[in-house]
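**Student:** I'd like to ask some things about the structure below.
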Amino acid sequence: DAGVIQSPRHEVTEMGQEVTLRCKPISGHDYLFWYRQTMMRGLELLIYFNNNVPIDDSGMPEDRFSAKMPNASFSTLKIQPSEPRDSAVYFCASSLTGFLRSPLHFGNGTRLTVT
Amino acid sequence: GQQLNQSPQSMFIQEGEDVSMNCTSSSIFNTWLWYKQDPGEGPVLLIALYKAGELTSNGRLTAQFGITRKDSFLNISASIPSDVGIYFCAGQSRGGSQGNLIFGKGTKLSVKP
């Protein structure tokens with residue numbers, strides 16, 4: 001079991017540039033979650049998918065953020081245009097079901113720095 | 001909105017000491033979870049609690065779901081250097097969905113050999 005795979009591990013970009021973060025969930029997991037982690041706000045849920053369909057995107061901060069899941073093994077989180085306040089660690093997680101008795105498995109995150 | 005207060009924010013302890021940290025919520029929770037995040041990695045689930053009063057152990061770790069359903073604590077006995085990391089509580093007060101889970105801001109644990 002390779003776990004949840006995220007890429008890149010680190011991304012440094014200039015303000016105004018487009019950023020795309022990628023995630024491969026654990027095979028067979030029906031749920032995929034995107035979280036953002038900052039010192040000030042901790043871990044925040046941005047959006048989650050069930051069977052590739054977005055279920056709740058109320059945590060997406062602005063229209064600059066978008067997420068897609070074209071198939072069961074791949075998801076992207078895009079920020080366009082990026083701003084310095086988007087600097088954070090972005091985590092993808094997957095779970096077998098959407099219920100709390102089915103643990104969340106997190107990837108190792110993408111550390112984004114926007115200058 | 002719902003808030004989770006986790007304390008302490010950080011702890012510096014000597015190897016071998018016991019550790020205690022806790023979380024309190026502004027509302028009644030149905031589930032409490034405790035995660036650990038090692039440096040450069042994502043959080044990993046340590047213990048899950050689903051009933052008020054429940055006491056669960058995982059090796060040297062013990063966690064309890066408070067009777068009031070508004071708090072939970074995590075104890076680590078006889079700490080070792082690999083216990084270093086950030087410990088997060090997480091809880092959920094409505095529904096049973098992962099989408100309703102909220103996280104505390106973490107307790108950063110440092111262990112001096």
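Only the coordinates and a few stated rules stand behind these numbers; no lab work does. Remember, it's a predicted structure, so these values are computed and weren't measured experimentally. For neighbour counting, all protein chains shown are included, and Cβ atoms are generated from backbone atoms with ideal geometry for every residue, glycine included.
**Student:** Which whole number gives the average, over all residues in A:101-108, of C-beta atoms from other chains lying within 10 Å of the residue C-beta? Walk me through the numbers on the way to the answer.
**Tutor:** Working: counts 4, 1, 6, 9, 4, 7, 2, 4.
Per-residue shielding by partner chains comes out at 5.
**Student:** To continue, here is another question. Once you charge only the Cβ atoms, +1 for Lys and Arg and -1 for Asp and Glu, what is the size of the charge dipole of the protein assembly as shown about its Cα centre, to the nearest 20 debye? Let's see the in-between values first.
**Tutor:** Values: 20 positive and 20 negative charges, 53 e Å.
The dipole of the protein assembly as shown has a size of about 260 debye.
**Student:** Now, a different point. Among B:26-33, A:46-53, A:5-12, how do they line up by average Cβ neighbours within 10 Å per residue, starting with the highest? Walk me through the numbers before you get to the answer.
**Tutor:** Working: B:26-33: 19.8, A:46-53: 17.2, A:5-12: 14.4.
The peptides rank, most packed first, as B:26-33, A:46-53, A:5-12.
**Student:** Length gain on complete extension for the stretch B:Asp38 to B:Thr62, per 0.36 nm per residue less the alpha carbon to alpha carbon distance? Before the final figure, lay out the partial values.
**Tutor:** On the way: separation 24, 0.36 × 24 = 8.64 nm, distance 1.88 nm.
Length difference between fully extended and current span is 6.8 nm.
**Student:** Using a 10 Å cut-off around each Cβ of peptide B:30-40, what is the average number of partner chain Cβ atoms that fall inside? Kindly include the intermediate steps, with their values, before the conclusion.
**Tutor:** Working: counts 1, 3, 1, 3, 0, 4, 0, 6, 1, 0, 5.
Partner Cβ neighbours, averaged per residue: 2.
**Student:** Check cross-link reach from B:Lys51 to the lysines: straight Cα distance under 18 Å, and skip same-chain residues fewer than eight apart.
**Tutor:** B:Lys70
**Student:** So who's got an amide H within less than 5 Å of the one on A:Ile55, skipping anything under 5 residues away but keeping other chains? H placed 1.01 Å off N, in plane.
**Tutor:** Answer set, sorted by chain and number: A:Tyr48, A:Phe49, A:Asn50.
**Student:** Percent relative contact order of chain A, based on C-alpha pairs within less than 8 angstrom and at least six residues apart? Write out the running numbers ahead of the final one.
**Tutor:** Numbers: 291 pairs, mean separation 42.7, N = 115.
Computed value for chain A: 37 percent relative contact order.
**Student:** Select from segment B:4-113 those trypsin sites (Lys or Arg not before Pro) which occupy a DSSP coil region and have at most 12 other Cβ atoms within 10 Å, ordered by residue number. Mind dumping the intermediate values first?
**Tutor:** On the way: sites: B:Lys36, B:Lys51, B:Arg60, B:Arg69, B:Lys70, B:Arg94, B:Lys105, B:Lys108; in loops: B:Lys51, B:Arg60, B:Arg69, B:Lys70, B:Arg94, B:Lys105.
Filter output for segment B:4-113: B:Lys51, B:Arg94.
**Student:** Let me ask something additional. Once you average over the residues of A:109-115, how many Cβ atoms of partner chains fall within 10 Å of each Cβ? Could you put the intermediate results ahead of the total?
**Tutor:** Values: counts 5, 0, 1, 0, 0, 0, 0.
That average works out to 1.
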